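First up is the structure itself, then whatever we jot down about it.
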Amino acid sequence: MVVELWETVKETITAYTGLSPAAFFTVLALAFAVYQVVSGFFVSPEEHRPRSTEDYPQPEPLPPPVQLGEITEEELKQYDGSDPKNPLLMAIKGQIYDVSQSRMFYGPGGPYALFAGKDASRALAKMSFEESDLTGDISGLGPFELDALQDWEYKFMSKYVKVGTIQKSDGEGKESTTDSEPATNTGEEAPAVTHGETSASIEEKTEETTEKKDVANGDAAKED
């Protein structure tokens with residue numbers, strides 16, 4: 001069946017082209033090669049050039065970190081990533097770092113977005129996502145937790161730019177003032193003065209009584 005079909009094709013090629021089957025297929029192959037070469041002159045090279053990374057939209061460069069100096073924890077909350085115009089900040093042990101370059105981690109929707117805009121020292125040390133641990137208070141932590149916090153701090157110091165510190169609360173100053181108040185001891189000195197005055201009065205009265213007795217004895221001796 002196949003042989004008969006091939007013989008029919010050869011006869012048809014010879015009848016219509018006047019060429020042998022071998023010559024016909026050779027001419028067909030050359031015509032295809034010429035088509036490829038000629039079409040290359042009419043096609044823009046941009047269509048054949050592989051796309052580089054420059055062809056894809058590039059993210060806008062991050063603005064340089066802005067030094068904030070000393071701010072309060074309440075002021076730090078406005079840098080939690082909710083406003084894209086503000087830098088993304090986070091604090092460890094009272095030191096504030098610009099983590100804008102890692103917005104995919106600390107920005108809205110990121111796995112650590114809960115830590116942004118806060119001093120998350122305790123939460124990082126315990127690897128906790130509890131709201132109560134989102135604080136800079138590290139009192140009561142164990143040695144392993146403190147080591148973990150130290151590792152986080154080294155990582156932030158080497159990767160991010162420090163832009164400020166968290167202002168200490170006024171409560172500490174008030175406590176120090178209160179501690180110095182007992183030095184006056186006003187309430188305790190008053191009784192001591194009163195006691196001294198009372199003793200002096202008693203001594204004076206005793207001397208007066210003795211003198212009176214001496215005088216009385218002298219008068220009695222005279223009467224005898």
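The values are calculated or read from the model by the stated rules, or taken from the named source; none is laboratory data. Worth saying up front: this structure is predicted, and the values here are computed from it rather than measured. With ideal geometry, Cβ positions are generated from the backbone for all residues, glycine too; neighbour counts draw on all protein chains shown. Accessible surface areas use protein heavy atoms only, side chains included; no ligands, DNA or RNA. Shrake-Rupley method; radii C 1.70, N 1.55, O 1.52, S 1.80 Å.
Among the residues of the range 106-132, those that are charged (D, E, K, R) and surrounded by fewer than 18 Cβ atoms within 10 Å (Cβ to Cβ) comprise K126, E130, E131. Taking the numbered list (1) out of contact with any helix residue (DSSP H, G or I) (no Cβ under 8 Å at 6 or more places or on another chain); (2) at pLDDT 75 or above; (3) open to solvent by less than 80 Å² (accessible area, probe 1.4 Å) in turn, V66 passes all entries but (3).
Is it fair to say R103 is open to solvent by 50 Å² or more (accessible area, probe 1.4 Å) and in the same structural domain as L149 (by the TED database)? Spell out the reasoning first.
Working: open to solvent by 50 Å² or more (accessible area, probe 1.4 Å): yes; in the same structural domain as L149 (by the TED database): yes.
Taking the combined requirement at face value, the residue satisfies it.
Does L88 fit the bill of being farther than 20 Å from D151 by Cβ and either in contact with a Lys or Arg (Cβ under 8 Å, 6 or more places away or on another chain) or crowded, with 21+ Cβ neighbours inside 10 Å (or both)? It is true that L88 is farther than 20 Å from D151 by Cβ and either in contact with a Lys or Arg (Cβ under 8 Å, 6 or more places away or on another chain) or crowded, with 21+ Cβ neighbours inside 10 Å (or both).
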